[in-house]
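Chemist: Got a structure here, written out as structure tokens. Questions coming.
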Amino acid sequence: MNDTDIIKLCQLGDQEGFNLLFHKYGPMALGTAYLICGQKQMAEDITQEAFVQCFREIKNLRNPDAFKSWFYKTVVRLSWRMCSKNKDKVSFEDISPHIQDTFNMNSDIESKDEKAALNKAMEKLNKKLRTVVVLYYFNHMSTREIAKTLGCFQGTVKSRLSSARKLLYKELRKQVEPDYYRSEYKEKECNA
């Protein structure tokens, strides 16, 4: 059964259809919420609230093909709201292999030090940049899908993704090669 059929069942109030929807999108919604807010309990609350809202509002969804963007918009907004109430510390172990490929790292990010470096770099991103990274690498959404989800232009998503990559790359390089950056800073200081 494809997504469109499941959505149509849900719109008719079919409980089995909603169970299928929950099992299909629940793990990704939980992962998305966790990667945005960084706290397991909060992510579980966000996921539960997102599905409650989905259950109440799905009958108003005009285009069943737009479900994914519509649903993730709910997850992201709830995550942002919850994060603004709490400090948003994030653990990005789940997406580190995807980020590693992006930055052409030579070895797998397996050691605790490397995971800590990635965590530290991700914490430097603001919530909008972090959200784009999570949706792109963890949810494997296209820039077009992310734009629909966030209610912005596709160019904005590309710009945020580019900015996030540059910041992550810079932060990871600082942590991997701290002596290089210290000497570069001293050289700039001397030339000033």
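Chemist: List the residues whose amide H sits under 5 Å from the amide H of Gly38, counting only those 5 or more places along or on another chain, with H placed 1.01 Å from N in the peptide plane.
Modeler: Those qualifying (amide H under 5 Å, at least 5 residues apart or on another chain) are Ser91.
Chemist: Continuing with the same structure: Would you mind computing, in nm to one decimal, how far apart the modelled labels at Lys59 and Lys40 are, each placed 7 Å from Cα along Cα→Cβ?
Modeler: So the label points at Lys59 and Lys40 sit 3.7 nm apart.
Chemist: Taking the Cα centre of the stretch 3-85 as origin, sum charge times position over the Cβ atoms of Lys and Arg (+1) and Asp and Glu (-1), and report the length of that vector in debye to the nearest 20.
Modeler: In debye, rounded to 20, the stretch 3-85 gives about 340.
Chemist: Would you mind pulling out the separation of the Cα centroids of the stretch 124-147 and the stretch 31-90, in Å?
Modeler: 14 Å
Chemist: So, one more: Ranked highest first by average number of other Cβ atoms within 10 Å, how do 159-170, 131-142 line up?
Modeler: Sorting 159-170, 131-142 by mean packing, highest first, produces 131-142, 159-170.
Chemist: Report the label-to-label distance for Phe153 and Lys174 in nanometres (one decimal), using points 7 Å from each Cα along the Cα→Cβ vector.
Modeler: 3.0 nm
Chemist: Per-residue HN-Hα couplings for the stretch 32-49, Karplus 6.51 cos²θ - 1.76 cosθ + 1.60 at θ = phi - 60°, whole Hz, x for Gly and Pro?
Modeler: 4, 4, 5, 5, 7, 9, x, 10, 4, 4, 5, 4, 5, 5, 4, 4, 4, 5
Chemist: Additional query: Determine ³J(HN,Hα), in whole Hz, for all residues of the stretch 6-12 in sequence, where each value follows from phi through the Karplus function 6.51 cos²θ - 1.76 cosθ + 1.60 and θ = phi - 60°; x replaces Gly and Pro.
Modeler: Going residue by residue, I get 5, 4, 4, 4, 4, 5, 8 Hz, with x marking Gly and Pro.
Chemist: Starting from the Cα of Ser163, step 7 Å along the direction of its Cβ; do the same at Lys8; then give the gap between the two resulting points in nm.
Modeler: 4.2 nm
Chemist: Kirkwood Rh over Cα pairs of the stretch 3-85 into Stokes-Einstein at 20 °C, 1.002 mPa s: D in µm²/s?
Modeler: 168 µm²/s
Chemist: Which pairs break 20 Å Cα to Cα here: Lys124/Lys174; Lys85/Lys128; Lys24/Lys115; Lys59/Lys128; Lys40/Lys166; Lys120/Lys158?
Modeler: Lys24/Lys115; Lys59/Lys128; Lys40/Lys166; Lys120/Lys158
Chemist: Counting Lys and Arg as +1 and Asp and Glu as -1, what is the net charge of the other residues whose Cβ lies under 11 Å from the Cβ of Leu20?
Modeler: -3
Chemist: If the chain between Met1 and Gln48 were fully stretched, how many nm would it gain, using 0.36 nm times the residue separation less the Cα-Cα distance?
Modeler: Length gained, Met1 through Gln48: 14.6 nm.
Every number in this text was worked out from the coordinates using simple rules, so none of it is lab data. The shown structure was predicted, so the numbers you read here are calculated from the model rather than taken from an experiment. Because the Cβ atoms are built from the backbone with ideal geometry, glycine has one as well, and the counts that use them run over all protein chains shown.
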